[in-house]
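Reviewing the structure listed below.
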Amino acid sequence: MNLVLAKTDTGRAVGSVFATVRGRLPGAGPVADARAEAFEAYERTGLPHRRIEEWKYTDLRALMRDVLPAAAKPDASALSRAKAALAQEVIEGAARLVLVDGAFAPELSDLAPLGKDASVTTLREILERDAGSDVLSAAAIDPMISLNTAMVTDGVIVTVADGKTLDRPVQIVHVATAASASAFTRSHLKLGKGSRTTLVESFVAAEGANAYQLNDAVILSVGDGAELSHVRLMADAADAVNVSSAIITAGAKAKINLFNMTRGGAVSRYQGFVTLAGEGTDLSVNGINLLKDKQHGDTTLVIDHAVPHCTSRENFRAVVDDRGHSVFQGRIIVRPDAQKTDGKMMTRALLLSDEAEADNKPELEIFADDVTCGHGATSGALDDSLLFYLRARGLSEKEAQALLIQAFLGEAIEQIADDDLREFVAAQAERWLEARR
Amino acid sequence: MALLEVRDLHVRVEEREILHGLDLTVNTGEVHAIMGPNGSGKSTLSHVIAGKPGYEVTEGQILFKGEDLLAMEPDERAAKGVFLAFQYPVEIPGVATMNFLRTALNAQRKYRGEEELSTPDFLKKVREVAKSLNIPQDMLRRGVNVGFSGGEKKRNEVLQMALFQPSLCILDEMDSGLDIDALRIAADGVNALRSPDRAMVVITHYQRLLNYIVPDFVHVMSRGRVVKSGDKELALELEASGYTQFEDAA
């Protein structure tokens, strides 16, 4: 009875949001059809709740309640606040693509570093030509991705030509400036055969942004022999909700290195769906949750070994203080053909307070018989004997904790290959630690 | 003035009293040895002086340079000049020894209101001390004590002692797990730090260590008390007769 009531309530609320905006969303014809179809798929569940296994620990019905009305197109004031918010987050020398409240902001972006090796268009341009239904066609694997498909307003589409190496990172910055509004974005990075790119995605809040909701999806197509490094930095406002999905497909002999760090937001979920579709590909996924107060941070990864001879490594670290709640769900699927798969998953949580919580759900679904797969997990407080040793050498309690936490995080951060970027991320983690002192 | 005064110290660990009224006075410039059988409370004393959590002082006091040591946090004690060389130095993966040394030294200096040491000055100082202790540079780049041998761990303790220049050094079972060569190197390092401005308390089960670090005073602990004090001759006497006599006396 309760279930039915809850579903009706949320369904109606979101339904009205979609009904309100659908006429204003870019694209008609096949695009509009794709949206309507996706919305139907979404409506079958509504906002995911704890009885949906994949969302067991992140009950959006309880945590979000409703989908807020879509944010207005950013005005001059919003853009100037967004510009100020960028200062801390911009990576020197990177090609910068800025999305403000779900709209591409050319005046804040800098495409020059891309040169002629990559091309950029916005999703809106394509949708307005009633094209791009392929970008919207991402299978209905998750209700929040379906909702994204229905509601998306803009995003960037970056294509890197075969054999080209982008020396500087491409940085997509999602800036929120609105209050009590939602934004839906989708971006697509296509890496040609043998190309190399570092993609950074940053999620930040400008002054005045609060209680906003962001639903982003990024589709990464990694060609044969291509190398992708993807670094995500989620630093949303303290009362924001951010549900972001990455849908990644890799060809053969590719190298993929993913990293996510969540340190902001009231409710954050990063869900990555990786399909290893070509033989001989190496995947490394690393992640960090830094949570305090009542923050809820969820990292959910599904690694699908569809073909033989691929390796995957997952290494996830959570530092949880106060009443924070960290969730890690890692599923490794090994298809019947995917012999010689080598997949490992390790998750470790540091609980800094008695009320801090960390849930870990590893799942191995192995349908091939000649594979090496494993997972491990630890969860606990900082080691008292190490803390005392450091304090006996003159470090205050917070300093000693910070040093041990840095060491704990180091193993994940070290996996970022680019020196500047690694230092940039380490400095952000350090700032979080300093704020605790 | 006495550097360290321990008066009628009673200490409990989980409802069990380990020290039953211990007295000890250590003056600047002196080297004291504390000997005793296993379980006599030697290590408990060193832990309580350094401020390790889990020990409850039910009676008595400890004064360090006339101040109430028990009221201080472990890091305050370190900054004021108390140094405990651990019997089992811990391994800290992911914290490079150099980074640890610099963080610790600067934390102590900051507490005392001193300027942080510049990087070149710090490096110069560490390299000098490391060289005198036969500690190779690559050890300093590794995680603190990670993969170090027993001897290397103890030398790393002496390195810190030399770097921090504490006024009270407590060496807890420095000889445990060391062969003669390793013991000699560590002891030479300690002897180089003997000074009229500094005192040392050497805790050991065996007399052997005292051949290398010759004490001015020797105390015998048994069942949570100092039961006999004397000069270095007392250590030799113990070596011959064992601890049994004191177990009975206590």
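The values are calculated or read from the model by the stated rules, or taken from the named source; none is laboratory data. Treat the numbers as computed from the prediction; the structure is a model and nothing was measured. Every residue, glycine among them, receives a Cβ derived from its backbone with ideal geometry; neighbour counts consider all protein chains shown. Note: accessible area is taken over every heavy atom of the protein model, side chains too, but ligands, DNA and RNA are not part of it. Shrake-Rupley method; radii C 1.70, N 1.55, O 1.52, S 1.80 Å.
The table that follows gives values for the structure above.
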{"quantity": "Candidate residues A:His305, A:His375, A:His325: accessible-area rank, largest first, probe 1.4 Å", "calculated": "A:His375, A:His325, A:His305"}
{"quantity": "Two-decimal Rg/Rh across the range A:298-343, once Rg and the Kirkwood Rh are taken from alpha-carbon atoms", "calculated": "1.16"}
{"quantity": "Karplus-derived 3J(HN,Hα), 6.51/-1.76/1.60, for each residue of the range A:111-127, Hz, glycine and proline x", "calculated": "9, 3, x, 6, x, 9, 7, 8, 10, 10, 10, 9, 5, 4, 3, 5, 5"}
{"quantity": "Partner chain coverage, peptide A:405-418 - average Cβ within 10 angstrom", "calculated": "2"}
{"quantity": "In Å, descending, principal axis extents of the Cα set of the protein assembly as shown", "calculated": "101, 56, 56"}
{"quantity": "Average beta-carbon neighbours from other chains, 10 Å sphere, peptide B:82-94", "calculated": "4"}
{"quantity": "Residue-level accessible surface for A:Ser379, protein heavy atoms, 1.4 Å, Å²", "calculated": "80 Å²"}
{"quantity": "Using alpha-carbon coordinates, inclination of helix B:119-132 to the longest axis of chain B, degrees", "calculated": "50 degrees"}
{"quantity": "Taking the C-alpha atoms of the range A:15-73, convex hull volume expressed per residue in Å³", "calculated": "98 Å³"}
{"quantity": "Chain A - mean residue ellipticity at 222 nm from DSSP helices (-39,500 (n - 2.57) per run, n ≥ 4, rounded to 500)", "calculated": "-7500 deg cm²/dmol"}
{"quantity": "Efficiency of FRET from Cβ geometry, A:Asp370 and B:Glu114, R₀ 51 Å, rounded to 0.05", "calculated": "0.20"}
{"quantity": "Between 0 and 90°, nearest 10: helix B:150-164 axis offset from chain B longest Cα axis", "calculated": "80 degrees"}
{"quantity": "Listed residues B:Lys125, B:Lys153, A:Lys253 arranged by accessible area, highest first, probe 1.4 Å", "calculated": "A:Lys253, B:Lys125, B:Lys153"}
{"quantity": "With DNA, RNA and ligands ignored, accessible area of A:Asp75 (1.4 Å probe; Å², nearest 10)", "calculated": "90 Å²"}
{"quantity": "Members of A:Lys398/B:Lys110; B:Lys65/B:Lys153; B:Lys65/B:Lys232; A:Lys398/B:Lys42; A:Lys292/A:Lys361; A:Lys83/A:Lys294 lying beyond 24 Å, as alpha-carbon distances in this model show", "calculated": "B:Lys65/B:Lys153; B:Lys65/B:Lys232; A:Lys398/B:Lys42; A:Lys83/A:Lys294"}
{"quantity": "Two-decimal log10 I(q)/I(0) for the range A:187-234, as the Debye equation yields it once each C-alpha is a single scatterer, q = 0.17, 0.26, 0.33 Å⁻¹", "calculated": "-0.60, -0.99, -1.25"}
{"quantity": "Three-way shape call for the range B:1-70 based on the alpha-carbon gyration tensor, with the a/c threshold at 1.5", "calculated": "oblate"}
{"quantity": "Rel. contact order, % - alpha carbon contacts under 8 angstrom, at least six apart, chain A", "calculated": "9 percent"}
{"quantity": "Sequence-distant aspartates and glutamates (8 or more away, or on other chains) whose Cα lies within less than 19 Å of A:Lys56", "calculated": "A:Glu43, A:Asp66, A:Asp142, A:Asp298, A:Glu357, A:Asp359, A:Glu363, A:Glu365"}
